[in-house]
Structure formats: structure tokens, C-alpha cells
Amino acid sequence: MTGAPANAPAAPAPRAGGLAIAAAIVAFGFLGSRLLGVLRTVAIAEAFGSSPDLDAYWVAFRIPDLIFQVLAGATLGSAFIPVFARLYRRDGEERAWRLASNVLNLITVSTAVLCLVAFAFAPLIVPLLAPGLGSDAGRHDELAAEAVSLTRLMLLSPLLFSISGMVTGILNARRAFFLPALAPMVYNLAIILGALVLSGPFGVKGLAVGVVAGAGLHLATQLPGLVRERMRYSLTLDWRDAPVREVGRLMGPRVIGLAAAQVNFVITTYFASKVGDSAISNLTYAWLLAGLPLALFGMALSTAVFPTLAEHSADENMEALRGTVSQVLRIIMFLTIPAAIGLALLRGPATVLLLQRGEFTAADAAITASALGWYCLGIVPQAGIEIHSRGFYALGDTRTPVLLAVGAVVVNFVLSAALWSHFEHEGLAFSVSAASWAEWLLLWRAYGTRTGAEAAPDLAHIARIAFAAAAMGLFIALFFSQYENATMAQNAVTAIAGAVAGGLVYAALGSWFRIPELAEAVRRLRR
């Protein structure tokens, strides 16, 4: 599809204000969820530090998360929304609601079957994920059994999330973003309560209970949205329905892609268990901190714009699709590049300020901060992958991003296997980031070939952003040095003052270089 047919009716152009409002709502959700996610991480760190028992919890989290991501995540992210949006626009809401009911029911049944299989084979699967779990402390058998028990408990969460994830997809396809943005906040609150209230009497099992309760609340929060949209639910399982088969066809490659992303976590968990006790937890803390700017900027904007991209594709309006992807890419880079540089330079004080309390020691903070620095290297490419992959999904091309994601897994595995024994946490974090860069650069090139989009204008624009962000980074490095044996107060001042001053310097440089995204942000704040 290179353009709309001459006799096709003109597609209604999406209002810029509508896209901005949608992005603001999704950003609010991601911001609230991530801030609560930081508080969740703080609560877990205070209660458990980087104990081997917490390693068992993170290992147990892998299988339930994998089941959800490869089923509901795949349908939501790339397959369901474009088909649903096209049916709603062309065939009417009754046909679209029948598709939604079919897919929702099929996903629920499939998830339930996988959960039952995982429950039965957990004693065989879980020990393979972390062969070194608890070995340093001589508790391998005990912690492996604990991980199996936690896995079986948390297998309730993907079943609830599969339903809730489909509800999110339906509401986002109808451009209803508020309740889906609110649901992750409720989920994080439940885990925070699990860490604060249930960890005392139940240990890490209290966290697992919080996960399951949070998944249930995630679903309950969104159900009123279906009522407001007047969804016509039907108890059907017609997998032979043509739109359902189309969703399945689009979903197949995406399942592999999302599975590949989850395999990256499995690879890190596997080698981290060999590094030593607490390595899994320290790397997880670092990943959660690095994920804050990625979620706020890359994921929020890409999620908000995806229904618009799907409509451009349905209308065969390639020019609008290319323009929207370019616009969102530039905004994402404007926000993500300085955030990644600032977090990398302030990683030590930020880690101490956020996590070093209770059971989380100074040694834990040092290890987590060292891994965080290398994870920050991958924030920019991961944000770029978010928008360019959605450009492919909107076109119904799920194979290209999937093949590149699988290639990134291979790169991550090879690097991890080569580096873990010599560089430990830092080597594993670097491997993930290096694989992300390889994936994004190849994906961007493939996107240009597929759509005819020219990379040069975006690269020139991003170069100005990168130059301003680098100057900001130099300012932070010169005036907010990190001192050894600094007190908590000194770390707090360095982290907060460095972030604020760095942001002001970046804004001033953006104004000097006349970066248009800065003026747009100021204009919308004034409005």
C-alpha cells in the first residue's frame, strides 16, 4: 500500500488536540504507574533487600509473566486493535463487538490451559531458569522449592491479566484511555500493600499474594469502561470466524516476538543465578529504575498513537502514517535522550536515595547502580523500538519486528555467555543494551524500506537533541560529582539538585538550538 486510491473517500484527519489529550492521559497513567512502581520497588527493597528469598520470588515471576505476555500482550499490542478498528469503521459496531467477544473468550480459555500445564510442570521448569539459585548460601533445594510454590500461586495472575489485557485493548481501540491508565496504578498499590503489610507474617509469599490481588483489581478497575462503551458481549468461541483468523494470523509472529523479549529476562536470570546470591534481585532493581523514562516517554506516546497509526493504515494513507511516526519519534527522543544521560550520570545518588534503607545495604546500592549505568545505555534504542515496531504492526507486518527481536535475543545470549563470568552484573546489563541497539538500528532501516520514510531528516533532528543532551550531561558531570562515602543527605541533594539543574540547562539549550518539541511543550503548558 503506497497511497489511498483516487476514488477513496478522504479519511478524517485525527485532531492534533485529540492525540495530545490521549498521549497526556496515557502519560498520566504511565507516570502514576511508574511512580507507584518506584514506591513498590522501594517497599520491596526495604522489606527484603537483595536476599536469596527475593531471588526466588523474581524467578517465580518469570513463568506467569511469560504466559500473559505471549497471549494477551500479543493480541492487545499488534493483532486485535487494527482489526477491531477496521471492523468498527467499515462494518459497524455489532460486527466489531462479536470479534471482541470471540477473541476475549479464546484468549481466556488458552491462558487457563497454559496455566494448568505450567502448574503441573513447575517443579521441572522452575529449577532450569536459575540453576545457581541459593547455591552460595547452601539453600538451593529450599529456595528452588519456594520458587515452585510461588510460581503456582502467581499463575492466577496471568489468567486475570489475560481478560484485563483484552479489556485494555478494546478500550484503547475505542480511544478510551483513562481506566486502562488507572489500572496499573491499582496493581502496583496492591503489591506495595503486600510488601508493607503481608511481608512480615508471610515473607515473600506476601508479595505473591499482592500480585494476584493486584491482577484482580486491574481487571475490576476497567470493567466500567466496557459498560460505558456498551459492549455487546456474547459467549462465543468461533475460531473459524474470518476476523478472528486474521487476528490469529497477525498474532502468530508477534507471539514469537514477545516470547523473545521475555527470553531476554530468562537469559539474564539464568546467568545472574550463576554470578551469586542476590544477583537476580540487584539486576531487577536496576532494570526497574531504568524502565522509568522508557515507560513515561517511549511506551506512553507509542501506546497512545497506535490506534491513529492503525486508522492511517486502514485508510491506506501512508503519508499520514510516516508523518505521525516521525513526529512521535522526535518527541520520544527529545524526552528520552536527556533522561537516559541524566540517570546514568546520577545513578549512584539516585539508587541510594530511592533504595538504601531497611534490608537494602550500601553494598546492594553499589552493585545496583553499576548495573543501572549499563541499562541506561539501552533506554534510547528501546524507546525507538516502541514506535518503529508499532509502525509495522499498524501495517499488519508483524514478521519483520519479530525476526529482529529474535535476532536480538541471540545477540544478548552470546554476549551474556561471554561476559557474565568476568564482568558479572555489568556484563549482563551491557548485553541487554547492546542487543537493543542492534535491534533498533536494523528495525529503523527496515521501516524506511517498508514505508519509504527517509531517515535523514529524523537523524538530523535527533543529532541536535543529542548535542543538547550531551552538553547537559557535561554540566551534570562537572558540577554534581559523586563522592565516595557520601551521607544520605549528600546523595539526596546530588540526585535532586542534579536532576533539576540538568533539566533547566537542557531546556535552555533546547531553546537556543530552537528544538521545536520544547516550544510545543511550553505552548501546551501555557494552554
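Each reported figure results from applying straightforward, stated rules to the coordinates on display, with no laboratory input. Note that the structure is predicted; figures quoted are calculated from it, not measured. Cβ: placed from backbone, ideal geometry, glycine included. Neighbour counts: every protein chain shown.
Some notes on this structure:
- The dipole here belongs to the chain: it is taken about the Cα centre, uses +1 on the Cβ of Lys and Arg and -1 on the Cβ of Asp and Glu, and is about 1600 debye.
- Candidate values (i) 114, 65, 59; (ii) 70, 60, 41; (iii) 100, 46, 44, label of the one derived for Cα extents along the principal axes in Å: (ii)
- Here's the picture: a label point sits 7 Å out from the Cα of E142 along the beta-carbon direction, and within segment 253-290 the residues with their amide nitrogen under 16 Å of it are 277-278.
- Backbone geometry of segment 461-471 corresponds, through the Karplus equation with coefficients 6.51, -1.76 and 1.60 at θ = phi - 60°, to 3J(HN,Hα) couplings of 5, 5, 4, 5, 4, 5, 5, 5, 5, 5, 5 Hz, x marking Gly and Pro.
- Among G165, S436, S416 the positive-end extreme of the charge dipole of the chain (Cβ point charges): G165
- As a proxy for reagent exposure, Y270, Y285, Y88 were ordered by neighbouring Cβ count within 10 angstrom, fewest first; the result is Y88, Y270, Y285.
- Extension gain, M488 to F423, is 20.6 nm, computed as 0.36 nm per intervening residue step minus the present C-alpha separation.
- Amide proton proximity set for T361, modelled H, under 5 Å, gap of 5+: S50
- Segment 15-255, relative contact order in percent, only Cα pairs under 8 angstrom and at least six apart counted: 34 percent
- Relative contact order of the chain, defined on C-alpha pairs under 8 angstrom at six or more residues apart (%): 21 percent
- 3J(HN,Hα) along segment 315-320: 8, 6, 9, 5, 4, 5 Hz, from the Karplus curve 6.51 cos²θ - 1.76 cosθ + 1.60 with θ = phi - 60°, whole Hz, x for Gly and Pro.
- Charge dipole of the chain about the Cα centre (unit charges at C-beta), most positive-ward option of F121, A190, A446: A446
- Segment 181-240 shape via C-alpha gyration tensor axes, a/c threshold 1.5: prolate
- Hypothetical label at A362: residues of segment 256-299 whose amide nitrogen lies under 20 Å (7 Å Cα-Cβ projection): 282
- Packing here is the average count of other Cβ atoms within 10 Å per residue, and on that basis the peptides 130-136, 221-227, 234-240, 298-304, highest first, run 298-304, 130-136, 221-227, 234-240.
- Charged side chains reduced to their Cβ positions (Lys and Arg at +1, Asp and Glu at -1) give segment 46-130 a dipole of some 560 debye around its Cα centre.
- Shape class for segment 357-509, computed from the alpha carbon gyration tensor (a ≥ b ≥ c): oblate, with a/c not under 1.5 and a/b at or below b/c.
- Karplus (6.51, -1.76, 1.60) ³J(HN,Hα), θ = phi - 60°, over segment 236-253, in Hz, Gly and Pro reported as x: 10, 9, 8, 6, 8, 4, 4, x, 5, 5, 5, 4, x, 5, 5, 6, x, x
- Efficiency of FRET from Cβ geometry, S481 and L116, R₀ 45 Å, rounded to 0.05: 0.25
- Among F48, I267, G391 - extreme Cα towards positive end, dipole of the chain, charges at beta-carbon: G391
- Debye log10 I(q)/I(0) for segment 15-255, one point scatterer per Cα, at q = 0.07, 0.08, 0.16 Å⁻¹: -0.26, -0.34, -1.14
- A cut-off under 15 angstrom between Cβ atoms defines the neighbours of F161, and their net charge, with Lys, Arg +1 and Asp, Glu -1, is 0.
- Taking Cβ atoms as reference points and 11 Å as the exclusive limit, the residues near R86 contribute a net charge of -1, counting Lys and Arg as +1 and Asp and Glu as -1.
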